[in-house]
Amino acid sequence: MAVKAMDLFEAYTQNKLPLDEGYIVTSFFKSDSSYSIYEIVSYSAVKDIYVSGNGITFQTNGKKLYVLVEPPTYNHRTIEPYCRAEGFQIPLRFSEANIITAKNQAKIIYNKEAAGDLGVYHPEARGNQLRVHLLLLARCIRFHRALLLEDAPRRGGTAPGRRREGREGDRQARVGDAYLAQRPGMRRLLAVYGLKTRDYGYLPNFYPTARLIEACENRSIPLRFLFPEDIREFLSRSATSTESARLPSSSDFPPEDTVCLVRGAVGPDSISLLESRGYRCVNPSGATGLANDKLETARFLERGGFPTPRTASLADLGSAFAQADYPLVAKPRHGSRGAGVCLVATEREARCRARKILQGNDEWIFQEYVAASRGRDLRAFFASGEILACVERVAPDGDLVSNAALGGAMREPSFGPTLGEPWNGMVRAIACRAGLWYGTIDFLYRDDAECQAMSGKDRALDLTVCEINAAPGFEALEAATGIDIAGALIDRLIADFP
């Protein structure tokens, strides 16, 4: 039978919906890219049909599929599909999806297990991005079932769309006239490290990189390091030369097999350069840019309804705070490791300090001072939606800043190593919305929470979110907790990028 398509709403109103097998395909397209989402349901699986609101609802027995076509230029490829912005998301985690990579590095992501009911909105209710058709029995239906539902009858040979076994690198699946490479995976790790040095010989003796080397060797994952300054050379080189063996080549670490783990001081522009060539970066450029900008972080937290100290730029200082609000915490907008953080007692002192240190530009921010948390905070280290460790950081001798780089110590909180709810959920929600696959979230105590927490009840904690970090260190964390953070990161990368 030839392929036949009908407008779904027209067929419904004219009572022309067939009683036999078919597919209902709802398609969502972007006007400025090839990013697209399809919701597919087997018509034979529909149990009931009824009009609801602006569309039609099909009750199914679970044969619904979500298919996401992701172009190689999409900048948030490492964000879980269910966490992406509205219009870009499908209700799937990477671990719940099959992923196929085309030769042009575009990805097709679809669920392993079928989902529930299908609600189809009329095109007029959703704009020109929506096209709905009812596909009847045809070869294309059997093909889609073989590829997506994987329940087509086998009559010998290899079903269309299923990967053929063979030598690694030769496995392919034919989809129409397109040949899709085997499912991508983290078979290689490229650690992009921003340090003050560009000496690759230093890295085996540097604690964090030595720990990554050990973790990858124990799991048989090829690992190479790359400084941000060498990214362009890496991308331009087709093979590792004897003259420059210190650098890997993009042919030895191709995008479809490689995950880039971003560590240290690496700017969003460097990450974007890798993303533009199809590399999956953890964390991506957008999330890294947000976490590195303390003013934008504060605005992001406020928009999301998360508790956070009031924050203002130098330009907004007078309107944001009254004299009664002082002292305030002053810090560089793009600083790290606690450098430059101090208290200012008046607006005049704040402006004088900004002029003296930053020549009056707007790269200095001011935050509400949370006195109950002076010299201490809570840090939650997470990866892949899971909190790996929670520690309290304490400043030396009553200092203001508790960063380990400035002599701060880490210890188990008085309430135990588990943060508890609702704070665990808040960590996951912030990470998801910010697009961070791993990182830390630092909380301040809004009350004398340490004493209250001695009761062991999570509700006693009264916290506020101070900062988020996209590439936190873990040397002091491993020493304080005994947790293998490096190994946990690699294990979760392997699980999320199979």
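The values are calculated or read from the model by the stated rules, or taken from the named source; none is laboratory data. The model shown is predicted, which means the values in this text are computed figures rather than measured ones. Virtual Cβ from ideal backbone geometry, glycine too; neighbours counted across all protein chains shown.
Quick notes on this one:
- Failed condition for Gly304, given (1) touching a residue at least 12 places away in the same chain (Cβ under 8 Å); (2) over 28 Å from the mean Cα position of the chain (by Cα); (3) surrounded by 13 or more Cβ atoms within 10 Å (Cβ to Cβ): (2)
- For the stretch 209-229, residues that are part of a helix (DSSP H, G or I) and surrounded by 19 or more Cβ atoms within 10 Å (Cβ to Cβ) total 6.
- Filtering the stretch 305-322 to residues that are modelled with pLDDT of 80 or more and not hydrophobic (A, V, I, L, M, F, W, C) leaves Gly305, Pro307, Thr308, Pro309, Arg310, Thr311, Ser313, Asp316, Ser319.
- Members of the stretch 304-342 found to be in contact with a helix residue (DSSP H, G or I) (Cβ under 9 Å, 6 or more places away or on another chain) and not in a loop (DSSP other than H, G, I, E, B), listed by number: Thr311, Ala312, Ser313, Leu317, Gly318, Gln323, Leu328, Ala330, Lys331, Pro332, Cys342
Yes/no matrix, rows are residues, columns are (1) on the phi < 0 side of the Ramachandran plot; (2) surrounded by fewer than 18 Cβ atoms within 10 Å (Cβ to Cβ); (3) modelled with pLDDT under 95; (4) out of contact with any Asp or Glu (no Cβ under 6 Å at 6 or more places or on another chain):
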residue: Arg374; (1), (2), (3), (4): yes, no, yes, yes
residue: Asp377; (1), (2), (3), (4): yes, no, yes, no
residue: Ala383; (1), (2), (3), (4): yes, no, no, yes
residue: Val394; (1), (2), (3), (4): yes, yes, yes, yes
residue: Val401; (1), (2), (3), (4): yes, no, yes, yes
residue: Ala404; (1), (2), (3), (4): yes, no, yes, yes
residue: Met410; (1), (2), (3), (4): yes, no, yes, yes
residue: Asn424; (1), (2), (3), (4): yes, yes, yes, yes
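- Residue match in the stretch 104-114 (condition: touching a His at 6+ places or on another chain (Cβ under 8 Å), surrounded by 20 or more Cβ atoms within 10 Å (Cβ to Cβ) and either at pLDDT 70 or above or not in a strand (DSSP E or B) (or both)): no
- Check on Glu296, without any contact (Cβ under 8 Å) to a residue 24 or more places away in the chain, part of a helix (DSSP H, G or I) and closer than 13 Å to Ile468 by Cβ: yes
- Where Ser238 falls short, out of the listed (1) at pLDDT 95 or above; (2) more than 22 Å from Leu195 (Cβ to Cβ): (1)
- Filtered by the rule that a residue be modelled with pLDDT of 90 or more and not in a loop (DSSP other than H, G, I, E, B), the stretch 453-479 gives Leu463, Thr464, Val465, Cys466, Glu467, Ile468, Asn469, Glu475, Ala476, Leu477, Glu478, Ala479.
- Of residues in the stretch 260-279 being part of a strand (DSSP E or B) and at pLDDT 95 or above, the one surrounded by the most Cβ atoms within 10 Å (Cβ to Cβ): Val262
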